[in-house]
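The values are calculated or read from the model by the stated rules, or taken from the named source; none is laboratory data. Predicted model only: the values in this text are computed from it and were never measured. All Cβ positions, even for glycine, are placed from backbone atoms using ideal geometry, and neighbour counts span all protein chains on display.
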Amino acid sequence: MTPAASAPPRRSATLAAIAGNRKATLGAIISLAFLVLALIGPLLVADPTDYVTVPLSPPSGDHWLGSTGQGQDVLAQTVVGSRITLLVALVVGLASVLLGALVGVTAGFFGGRVDTALSLLLNVFLVIPGLPLAIILAAYLPSGPFTLGAVLIITGWAWNARVVRGLTLSLRSKEFVAAAMVSGESTGRILVREILPNQLSLLASQFIGGTIYAIGAQVGLEFLGLGDVTSVTWGTNLYWAANDQALLTGSWWTFVPTGLCVALVGFGLVMLNFAVDEVTNPRLASERLWRQALVGGQVDLDSGVTPVLRADPDCAPSSEQELGGAS
């Protein structure tokens, strides 16, 4: 069977394996719950900018998460703040991956002067520390969530491009790419049909990692006051909590809900990332098979025999793994 014909079944098996992975299931449930919260939640709560009660009121039946230092409802601010924060994070994650993939594939496939020029550009961005650059840019550019998003894209795409370039250099020498070139396929078709599909797991992992980075960096920059403090986001919620000295006054309800939301979203995305690694990384799949075999009593450590175990679908897309050779 040709590589082009066998690729779709392998990709389908990989997707099925990710869907059956417990870490992926847990991460997907948490992530989807927050996406639903961001989409529907703001329609179910009051205006987060309204002054509804006494400042720094503790949680009560009327206001489940209490009020801020300005008398605004913390629940409404937490729910509404999720929409802009998650939207910016998803845009940053997607844009960083697309830009990194475009530059990386172009540099790796064409090589020569194109690779030299783009590699020089990559090295410039990689040498400059990303977060300090983001702080400087955010301080001088017009404030706002989407300005922060643009800053994070500028500072976050280069590493993705570097990794994609390296994998593209490896794939370019493969037989199926040479066969596609000999058959007369256009460069664009080769990149879209042959090169990029073999990097889907990498791109998915980069998207998840970029989204996690965007959430943390965005919240951190807004907490420092480098965003638009008049907007309602998770970062500005923490900024106003610090500005109102909530920690000193013991008003834990003004910052704990937002901090917990940030932690849960990060945890869910990390679980998804772990699941992608487990399924697509043969070494991790082999180690998992060893653990399962040891727990199930299938391996006798005193026998000195190295068994060959058949991988189940939620460990790796391949049909077999020889565990003795994985180390």
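Here Gly61 fulfils each of the conditions (1) surrounded by fewer than 20 Cβ atoms within 10 Å (Cβ to Cβ); (2) within 28 Å of Trp157 (Cα to Cα) apart from (2). Being closer than 22 Å to Gly104 by Cα, part of a helix (DSSP H, G or I) and not hydroxyl-bearing (Ser, Thr, Tyr): is that true of Leu171 here? For Leu171, the condition - closer than 22 Å to Gly104 by Cα, part of a helix (DSSP H, G or I) and not hydroxyl-bearing (Ser, Thr, Tyr) - is met. Of all the numbered requirements in (1) over 30 Å from Gly259 (Cα atoms); (2) outside any helix (DSSP H, G or I); (3) touching a residue at least 60 places away in the same chain (Cβ under 8 Å); (4) not aliphatic (A, V, I, L, M), Glu185 misses one, and that requirement is (3). For segment 8-35, name all the residues that are modelled with pLDDT under 95 and more than 13 Å from Asn273 (Cα to Cα). The answer is Pro8, Pro9, Arg10, Arg11, Ser12, Ala13, Thr14, Leu15, Ala16, Ala17, Gly20.
Count, please, the residues in segment 259-286 that happen to be part of a helix (DSSP H, G or I), modelled with pLDDT under 90 and of a type in the set (S, T, N, Q). Going through segment 259-286 one residue at a time, the tally reaches 2.
Of all residues in segment 156-172, those being within 17 Å of the chain's Cα centre (by Cα) and of a type in the set (S, T, N, Q) number 1.
Residues are listed down the side, and each one gets a yes or a no for (1) touching a residue at least 24 places away in the same chain (Cβ under 8 Å); (2) among the aliphatic types (A, V, I, L, M); (3) touching a strand residue (DSSP E or B) at 6+ places or on another chain (Cβ under 6 Å):
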| residue | (1), (2), (3) |
| --- | --- |
| Leu122 | yes, yes, no |
| Phe125 | yes, no, no |
| Pro145 | yes, no, no |
| Arg165 | yes, no, no |
| Phe176 | yes, no, no |
| Arg189 | no, no, no |
| Val192 | no, yes, no |
| Asn198 | yes, no, no |
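Considering the conditions (1) over 23 Å from Asn281 (Cβ atoms); (2) surrounded by 19 or more Cβ atoms within 10 Å (Cβ to Cβ); (3) aliphatic (A, V, I, L, M); (4) at pLDDT below 95, Val177 is excluded by exactly one of them, (1). Working only within segment 211-258, note down all residues that are modelled with pLDDT of 95 or more, within 18 Å of Ile136 (Cα to Cα) and in a loop (DSSP other than H, G, I, E, B). Listed by number, the list is empty, since nothing qualifies.
Checking Val114, Val92, Val79 one by one, the residue that is within 22 Å of Ala150 (Cα to Cα), part of a helix (DSSP H, G or I) and of a type in the set (Val, Ile, Thr) is Val92 and no other. When residues in segment 49-63 are screened for being modelled with pLDDT of 95 or more and under 31 Å from the mean Cα position of the chain (by Cα), 0 of them pass. The set of residues in segment 138-168 that are assigned to a loop (DSSP other than H, G, I, E, B) and either under 22 Å from Ser231 (Cα atoms) or in contact with a Lys or Arg (Cβ under 9 Å, 6 or more places away or on another chain) (or both) comprises Leu141, Pro142, Ser143, Gly144. Can you say whether Ala89 is within 21 Å of the chain's Cα centre (by Cα), under 16 Å from Thr155 (Cβ atoms) and not hydroxyl-bearing (Ser, Thr, Tyr), as far as the supplied structure shows? Here the answer is yes, as Ala89 does meet what is asked.
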